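The values are calculated or read from the model by the stated rules, or taken from the named source; none is laboratory data. Every value quoted in this text rests on a predicted model; they were computed, and no experiment measured them. All Cβ positions, even for glycine, are placed from backbone atoms using ideal geometry, and neighbour counts span all protein chains on display.
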Amino acid sequence: MKSGQLLVMRKCGFLLLLATLASCDSSEEETGPYDCSRDSVPAGAQCFEFQGEQQAFRFDEPGVVGSWSSNEFETCIEYAADGAGRFRYWGITGSVPRDDSSVLWGVWVDDDGRSIVGGDGRPVVVNHLKDGPVLDRRLIGLGYSESTGFGGDFQDVTTCPQNSESNQGAITFFTTNTSTDAVTIALDSFVIGELTATVGGDEPECGVETNASRLTVYRQPGTYRFQALSSTATWGPLNIPVAKGDCSSHALR
């Protein structure tokens, strides 16, 4: 509590003793400029709901503005200087690429505009969904450092690729091994899915929709390192090339 506030409270208490009709609320404390209960917050900041209440977030952060790509989350984030953002996915829902997610973003700050740090000691960049697929809960708040950028495998990139199946290639995995249990599949050391059933009869067509016995993923052109394992078998490592508009099929026997 500030000394000035303490003096006011003492004065209020004295006035109340002299006149019961006097009005004085000693519980009120002056709030900072980033308090979202105010009519407005300073330029370069915005308020949106986080953890069940309206909080302030500062987006005048030139080190954050730009594009950030993550293989782990199969997404590329675009942060604009006006506090708007977009998540562009190259993963799939069923057999088609996911739609983009539109967000508001900002560095979480207290009422005085100071950055609030997370458990990792970094300021927290919060993403608030406006429309599109629900965000992975791990993407709602991301630790950020001016010197190292985001944690995890987020890389600073020039631009995000457009989320279009025509710009990508497909890889389909399936297993005919009836003596194994669930098979976990990874590309570039990141788990992309699991096969929990064996294909019976004819082998599936390349690019078919994902289900328990087959897994189809879309990737930008390039080479990806494949590995898979179950409790009784392993496959790979193997380098799988991906070309625009092509599909390659891989049986785990």
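Worth a mention:
- Enumeration of residues in the stretch 115-155 that are touching a strand residue (DSSP E or B) at 6+ places or on another chain (Cβ under 6 Å) and acidic (Asp, Glu): ASP120, ASP131, ASP153
- Strands (runs of 3 or more DSSP E) within the stretch 127-229 that include 3 or more residues surrounded by 13 or more Cβ atoms within 10 Å (Cβ to Cβ): 141-145, 169-175, 183-187, 190-195, 214-219, 222-229
- Neighbours by Cβ (under 7 Å, 6+ apart or cross-chain): first from the stretch 238-253, at positive phi; second buried (at least 17 other Cβ atoms within 10 Å of the Cβ): GLY245/GLY169
- Filter pass, TRP105 being modelled with pLDDT of 95 or more and surrounded by 17 or more Cβ atoms within 10 Å (Cβ to Cβ): yes
- Of everything in the stretch 213-232 that is of a type in the set (A, V, I, L, M) and modelled with pLDDT under 90, the residue that is farthest from VAL199 (Cα to Cα) is VAL217.
- Single residue of the stretch 31-62 satisfying the filter (outside the structural domain of GLY83 (by TED's automatic domain parsing), at pLDDT below 95 and among the charged types (D, E, K, R)) that is surrounded by the most Cβ atoms within 10 Å (Cβ to Cβ): ARG38
- The set of residues from the stretch 55-79 being in a strand (DSSP E or B) and out of contact with any Cys (no Cβ under 6 Å at 6 or more places or on another chain) comprises GLN55, PHE57, ARG58, GLY66, TRP68, SER70, THR75, ILE77, TYR79.
- Hey, THR232 at negative phi, surrounded by fewer than 14 Cβ atoms within 10 Å (Cβ to Cβ) and either part of a strand (DSSP E or B) or among the hydroxyl-bearing types (Ser, Thr, Tyr) (or both) or not: yes
- Yes/no for ASP202 being free of Cβ contacts under 8 Å to residues at least 12 places away in the same chain and farther than 24 Å from SER70 by Cβ: yes
- Failed item in (1) touching a residue at least 60 places away in the same chain (Cβ under 8 Å); (2) outside the structural domain of GLU61 (by TED's automatic domain parsing); (3) not aromatic (Phe, Trp, Tyr), with PRO221 passing the rest: (1)
- There is no residue in the stretch 87-101 that is assigned to a strand (DSSP E or B), crowded, with 19+ Cβ neighbours inside 10 Å and at pLDDT 95 or above.
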